[in-house]
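Novice: Mind looking over this structure? Questions follow.
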């Protein structure tokens, strides 16, 4: 009985004190670098823009297409307005198109820019058909292989966003067209080969096609660790969590970037683009290779915090001598608190039952 009372009087208070230390210190440490942006309940719409179509494309009009309904590929300039399937219907010199996206986040589309949509009468806004989580918009189109302004209205943000789409004529069945269309892939290849080596290239979206950021080799066993990093550049309003997760795979080093902001949609490292992995509206997260240790590397981050996308250049430095246990990461420590608190609750319940049982005797 004396041993049991010693356990109750000495061990339980110690466990409770330990829980208080963890539950108060760790969350405060984990949130020490937060900004006001993190408290926003909704994430702004993310936009990753690029050009649509191929160089030199010539519009294909209804008169060049046989009457009928055809499946067709639609190119979109936004990764967040990706067209999963599409059809066109041609009849009596007129053409309509239907586009389906795997989202219900858009309430309307408008054939024009967002500024035109804001000024237009709502009767000209195109309402969708929604089924099983997919949204389909149907509207008249003038031509294939021609860039179309298609503003989209976000339900969550209650605002219009500029989008560009293009119905690709070469994706139609061979017998659907009355005319032959050029091989635009071949045209681009020829132009590329004729281009002078020192000729500046146009900006065609984030990153460099085919670029790969190469991770450094480290003398660590494959697994998960923590590593400290510093970030410089930008306005100072956004920051990266440190220490952060270090993953070693096949002897190569990779880091997880956790921003103090939910508005970063992509980052560019050595020309390679990495897109935000957070899908629930939380802070932006990216898994990237560590291309150098103990020396600064350049990272470009694209943020929509101010509405329109803005690319900002940062420098990151990862410190080799700071590598440690994964448990140092604030998010991992918070998980430990939860586990510890749950264990204490269970132990406390058992002890309470034990005491009551003893007293009943």
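Derivation of every value follows stated rules applied to the coordinates shown; laboratory data play no part. Remember, it's a predicted structure, so these values are computed and weren't measured experimentally. Cβ sites come from the backbone with ideal geometry, for glycine too, and all protein chains shown count toward neighbours.
Novice: Would you please put 79-89, 254-264 in order of how densely packed they are, using the mean number of other Cβ atoms within 10 angstrom per residue and starting with the highest?
Specialist: Numbers: 79-89: 17.4, 254-264: 21.8.
Going from most to least packed, we get 254-264, 79-89.
Novice: If we count other beta carbons within 10 Å of each Cβ, what is the order of 115, 159, 328, fewest first? Write out the running numbers ahead of the final one.
Specialist: Numbers: 115 11, 159 14, 328 17.
The most exposed by this proxy come first: 115, 159, 328.
Novice: Which shape class, rounded, prolate or oblate, goes with the stretch 62-194 when its Cα gyration tensor gives a ≥ b ≥ c as root eigenvalues, a/c under 1.5 marks rounded, and past that a/b bigger than b/c marks prolate? Before the final figure, lay out each step's value.
Specialist: Working: a/c = 1.93, a/b = 1.51, b/c = 1.28.
Note, shape of the stretch 62-194 comes out prolate.
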